[in-house]
Amino acid sequence: MIDAKDHAAVDAALAKLPFGPQLTPADYEALHRVFERRTAKAGEALIVQGTQGAVFYILTAGRVTVRRHEPDGSEKILATLEPGSYFGELSLMLKAPRSASVRMEEDGEILTLAREAFTGIIMKNPAAAETIRRIAIDRQGGGVVLELEEAVGKLLRWTGLEKDEEEDAEG
């Protein structure tokens, strides 16, 4: 859990995400309860390219670099991020390998959110869940992440925002 002083950092980062506009005050409150704060040391790899991701990060102190290993064996620095930046957001929405590595360049602090905690909250918000479903479809080039697709479909049917296929066939 995070302190009240971290709520502004969380709110600012989440508001920038594609589903941010659909989040309700209750969603923010619930998300505040599941973010965790931790320290990170210079040189620590927060994300490793090619690994399965399951955590979203908000940098609150320190500096990180985003790096990608190229096919020729070289490493390319894609960005240097400062406090207030966020990364790993795709892991909240997709079960895809990380596209780059992120390493702490100096000691700092981060706020973290696990995918499981996020999913439990966001699936109660049909509009946000639908935005995430569309992002998953777009990012996967049409190959839908089935677990997410099934969960969102069930949610939309449960809330009455989408008819069952059976009802469509009958109607």
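Assess whether Gly73 counts as being loosely packed, with under 12 Cβ neighbours inside 10 Å, of a type outside the set (Ser, Thr, Tyr) and assigned to a loop (DSSP other than H, G, I, E, B). Spelling it out, Gly73 is indeed loosely packed, with under 12 Cβ neighbours inside 10 Å, of a type outside the set (Ser, Thr, Tyr) and assigned to a loop (DSSP other than H, G, I, E, B). Note on the stretch 45-60: among residues that are assigned to a loop (DSSP other than H, G, I, E, B) and open to solvent by 20 Å² or more (accessible area, probe 1.4 Å), the one that is modelled with the lowest pLDDT is Ala54. Which residues, taken from the stretch 19-44, are under 17 Å from the mean Cα position of the chain (by Cα), in contact (Cβ under 8 Å) with a residue 60 or more places away in the chain and buried (at least 16 other Cβ atoms within 10 Å of the Cβ)? Across the stretch 19-44, the qualifying residues are Phe19, Gln22, Leu23, Asp27, Ala30, Leu31, Val34, Phe35, Arg37. So in the stretch 122-142, with the set limited to residues that are assigned to a loop (DSSP other than H, G, I, E, B) and open to solvent by less than 40 Å² (accessible area, probe 1.4 Å), which one is modelled with the highest pLDDT? For the stretch 122-142, the residue satisfying everything is Asn125.
All told, Thr65 falls short of being polar (S, T, N, Q), open to solvent by 70 Å² or more (accessible area, probe 1.4 Å) and in a strand (DSSP E or B).
Residue count for the stretch 89-116, restricted to those that are at pLDDT below 85 and surrounded by 16 or more Cβ atoms within 10 Å (Cβ to Cβ): 7. When Ala26, Ala42, Ala9 are checked against the criterion of being farther than 20 Å from Leu81 by Cα and either modelled with pLDDT of 90 or more or in a helix (DSSP H, G or I) (or both), Ala26 stands alone in meeting it.
Looking at Glu106, Glu116, just one residue is out of contact with any strand residue (DSSP E or B) (no Cβ under 6 Å at 6 or more places or on another chain) and in a loop (DSSP other than H, G, I, E, B), and that residue is Glu106.
The values are calculated or read from the model by the stated rules, or taken from the named source; none is laboratory data. Since we're looking at a predicted model, the values are computed, not measured. FYI the Cβ positions are ideal-geometry reconstructions off the backbone, even for glycines, and counts take in every protein chain you see. Accessible surface areas use protein heavy atoms only, side chains included; no ligands, DNA or RNA. Shrake-Rupley method; radii C 1.70, N 1.55, O 1.52, S 1.80 Å.
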